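Chemist: One structure follows; several queries about it will come next.
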Amino acid sequence: MVLRIFFVRHGLSSFNEKGLIQGRSDDSYLTNTGYEQASKSGEALSGINFDEVYSSPLIRAAETAKTIQKKLKREKDIIFDKNLLEVDLSSWSGLTIEQIKNKFPEKYLTWKNDPEKLILERGKNLSYHPIQELYDQADIFIKEIMNTLKDKKNSNILIVGHNAILRCLILSLIGKPKKGFRKIKLDNASFSIINILRKQNLYKTQVECLNQISHLNKNIPDQIGDSRIFLVRHGETNWNKEGRFQGQIDIPLNSTGKDQAKKASEFLKEINFTKAFSSSMIRPYETAQIIVQNKSNLNIKKIDELVEISHGLWEGKLENEIKEKWFELLRDWHNKPEDVKMPEGESIGEVSKRSVQAFREICLKQNKNDKTLLVAHDAVNKTLICDLLGINFSNIWMIKQGNGGITVIDIFNDPQKDHVISALNLTTHLGGILDSTASGAL
């Protein structure tokens, strides 16, 4: 069974527009812009056959869901579920950020830096952890939909909700990484897509994309950090297409790969890159050259530590060929990659160590408002994203990286603030809201 979940945050609300904290208050309603965003979301989703549509019952989400529903080719009744309600922020609802800063300075700092630890009062004698409560709520909802859909082979479901509850749902599905709440971003009317594969009673989660907004006529979410890094996977090669293990054999881009790089360049044309880095291998360097082709004064620095994982004796082979000689090792690579060292090659732990160190060195040298291009490989990018999310490199299969896919990372100079993945694996510039790039081999 493959369950594909589309998470959509509600459109711009009256409280969003005024800069007010919403929480569980139902005084906030969808603005005209919010309805337009919801309508565009419905148009973008119109080609998907949804088995179920769920929504928070709060007005701003319910109206977004109803507007999307009208555009779907197979109209489904909306299931309004209380477990999709937004976080309960008690007396904070309706206040501005400045008011909260002034009235609750210590609690505000906790909310901004480590919201999982925030404690608020509900009435006179009851204190509670709002984000912890929300995670419990998310767990209940996930369990319910899994039970509902467990007998179906393949399903698409749509969930319309709010910023905090959608973050908790997504983070719950990837193991609730520590301090994960502030490590991802979800814009109004954005799409995030999670795939869940079930084999017998085992579930595997894959994040296909986060915070996709190109259906709103805006390619990239607004910057929230001091600088940005655009992490791109190289374009397709013939070996990607054939499903061969490439590793450190220097295979160039094919015509599709060059076209993907050109489309990525067009998608990022408004970005004035100040720096550019690439793995020292041909396929990412070629991709980087095409992306920055109109910026001839920009030097692309090659970094050896960002080369693809060495598959050793597996390189150049198809999976069926590997299976004949290394059946158990290949099975372990798919199920517990952290335990595998390729014959005469590398382990994913070794790749993570060198890649993360190289990435952190790039981050340390980021200047205010730098826009940095970084082009690398499937395994490398996955280990970097795992590290940014706060999950172990053993979870590389949770992260999807399409050829020519773009991940946007906001970098903060303040060491107390974690870097934020503002968008992950954007591939709409390559056609459609789903990642249709070659699955390749890793």
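The values are calculated or read from the model by the stated rules, or taken from the named source; none is laboratory data. The shown structure was predicted, so the numbers you read here are calculated from the model rather than taken from an experiment. Heads up, the Cβs are rebuilt from the backbone with ideal geometry, glycines too, and the neighbour counts pull from every protein chain shown.
Chemist: When you scan the range 47-55, do you find a residue that is touching a helix residue (DSSP H, G or I) at 6+ places or on another chain (Cβ under 8 Å), in the same structural domain as Ile145 (by TED's automatic domain parsing) and farther than 28 Å from Asp136 by Cβ, even just one?
Modeler: No, the range 47-55 contains no residue that is touching a helix residue (DSSP H, G or I) at 6+ places or on another chain (Cβ under 8 Å), in the same structural domain as Ile145 (by TED's automatic domain parsing) and farther than 28 Å from Asp136 by Cβ.
Chemist: In addition: For Ile406, which of the numbered conditions (1) touching a Phe, Trp or Tyr at 6+ places or on another chain (Cβ under 8 Å); (2) surrounded by fewer than 23 Cβ atoms within 10 Å (Cβ to Cβ) fails to hold?
Modeler: Here Ile406 meets the rest and fails (2).
Chemist: Scan the range 114-125 and tell me whether some residue there is under 21 Å from the mean Cα position of the chain (by Cα), among the charged types (D, E, K, R) and assigned to a loop (DSSP other than H, G, I, E, B).
Modeler: Checking the range 114-125: at least one residue is under 21 Å from the mean Cα position of the chain (by Cα), among the charged types (D, E, K, R) and assigned to a loop (DSSP other than H, G, I, E, B).
Chemist: Specify the residue that is farthest from Gly349 (Cα to Cα); the eligible residues are those in the range 301-329 that are buried (at least 18 other Cβ atoms within 10 Å of the Cβ) and free of Cβ contacts under 8 Å to residues at least 60 places away in the same chain.
Modeler: Trp326
Chemist: For the subset of the range 123-177 comprising residues that are of a type in the set (Lys, Arg) and free of Cβ contacts under 8 Å to residues at least 60 places away in the same chain, which member is surrounded by the most Cβ atoms within 10 Å (Cβ to Cβ)?
Modeler: Taking the candidates together, the pick is Arg167.
Chemist: Of everything in the range 263-291, what is out of contact with any strand residue (DSSP E or B) (no Cβ under 6 Å at 6 or more places or on another chain), over 19 Å from Gln223 (Cβ atoms) and part of a loop (DSSP other than H, G, I, E, B)? Give them in sequence order.
Modeler: Met281
Chemist: If you don't mind, there's one more thing I want to ask. State yes or no: is Glu344 farther than 17 Å from Gly405 by Cβ and out of contact with any Leu (no Cβ under 8 Å at 6 or more places or on another chain)?
Modeler: Judged against the criteria, Glu344 is not a match.
Chemist: Among the residues that make up the range 86-100, is at least one of them closer than 30 Å to Ser155 by Cβ, within 27 Å of the chain's Cα centre (by Cα) and at pLDDT below 95?
Modeler: No, the range 86-100 has no match at all.
Chemist: Still on this structure: Give just the number: which of (1) assigned to a loop (DSSP other than H, G, I, E, B); (2) surrounded by fewer than 18 Cβ atoms within 10 Å (Cβ to Cβ); (3) touching a strand residue (DSSP E or B) at 6+ places or on another chain (Cβ under 8 Å) does Gln416 not satisfy?
Modeler: Every listed condition holds for Gln416 apart from (3).
Chemist: Residue check: is Ser14 in the same structural domain as Ala189 (by TED's automatic domain parsing), surrounded by 16 or more Cβ atoms within 10 Å (Cβ to Cβ) and within 19 Å of Ser90 (Cβ to Cβ)?
Modeler: On the way: in the same structural domain as Ala189 (by TED's automatic domain parsing): yes; surrounded by 16 or more Cβ atoms within 10 Å (Cβ to Cβ): yes; within 19 Å of Ser90 (Cβ to Cβ): no.
For Ser14, the condition - in the same structural domain as Ala189 (by TED's automatic domain parsing), surrounded by 16 or more Cβ atoms within 10 Å (Cβ to Cβ) and within 19 Å of Ser90 (Cβ to Cβ) - is not met.
Chemist: Residues in the range 257-271: is at least one more than 22 Å from Lys382 (Cα to Cα), without any contact (Cβ under 8 Å) to a residue 40 or more places away in the chain and out of contact with any helix residue (DSSP H, G or I) (no Cβ under 7 Å at 6 or more places or on another chain)?
Modeler: yes
Chemist: With the requirement that a residue be assigned to a loop (DSSP other than H, G, I, E, B), over 22 Å from Ile290 (Cβ atoms) and among the polar types (S, T, N, Q), what does the range 357-404 give you?
Modeler: Gln366, Asn367, Asn369, Asn392
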